[in-house]
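Following: one structure in structure tokens, then a few remarks.
None of the figures in this text is laboratory data; all of them are computed from the coordinates on show. Worth saying up front: this structure is predicted, and the values here are computed from it rather than measured. Using ideal geometry, Cβ is built from the backbone for each residue, glycine included, and neighbour counts are taken over all protein chains shown.
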Amino acid sequence: MVVNKVVLVEVLTASDCGICQKAKLLAKEVVAEFSDTTIRYREINVVEEIDYAVSLGILNTPAIALNGELVFPALPSKAALHQAISERLRKN
């Protein structure tokens, strides 16, 4: 039996956050490097989804969650994000 590996990459942003645009571009770029079609990308405005942001423990934007877990409370390096996604693909 083949089990589909899924990694959900969520970028949590605020509309007045200048660094958030960089986070979105970084995440999209890293996601595009994977040929795995089971990687999902989602942008979340923390004002619009405040309850979810609070449940993750978001204190600042931008932040990046993987599979519903806050992994990067600030903008990560490209290599760190790539590695974190790779690790989750191997675990699934």
Inset, instruction - Output the residue which, of all residues in region 9-23 that are polar (S, T, N, Q) and outside any helix (DSSP H, G or I), is surrounded by the most Cβ atoms within 10 Å (Cβ to Cβ). - result: 13
Legend entry - Test: residue 80 is in contact with a Leu (Cβ under 8 Å, 6 or more places away or on another chain) and surrounded by 12 or more Cβ atoms within 10 Å (Cβ to Cβ): no
Legend entry - The listed residue being under 15 Å from residue 88 (Cα atoms) and not polar (S, T, N, Q), out of 52, 41: 41
Legend entry - Tabulated pairs, region 12-28, first within 15 Å of residue 76 (Cβ to Cβ) and in contact (Cβ under 8 Å) with a residue 40 or more places away in the chain, second assigned to a loop (DSSP other than H, G, I, E, B) and small (Gly, Ala, Ser), C-beta under 7 angstrom, 6+ apart or interchain: 20/14
Legend entry - Cβ-Cβ under 7 Å pairs, at least 6 apart or on other chains, region 77-89 side farther than 16 Å from residue 11 by Cα, far side of a type outside the set (Val, Ile, Thr) and surrounded by 15 or more Cβ atoms within 10 Å (Cβ to Cβ): 88/66; 88/67
Inset, instruction - Tally the residues that are more than 20 Å from residue 17 (Cβ to Cβ), under 10 Å from the mean Cα position of the chain (by Cα) and not in a loop (DSSP other than H, G, I, E, B), restricting the search to region 67-83. - result: 1
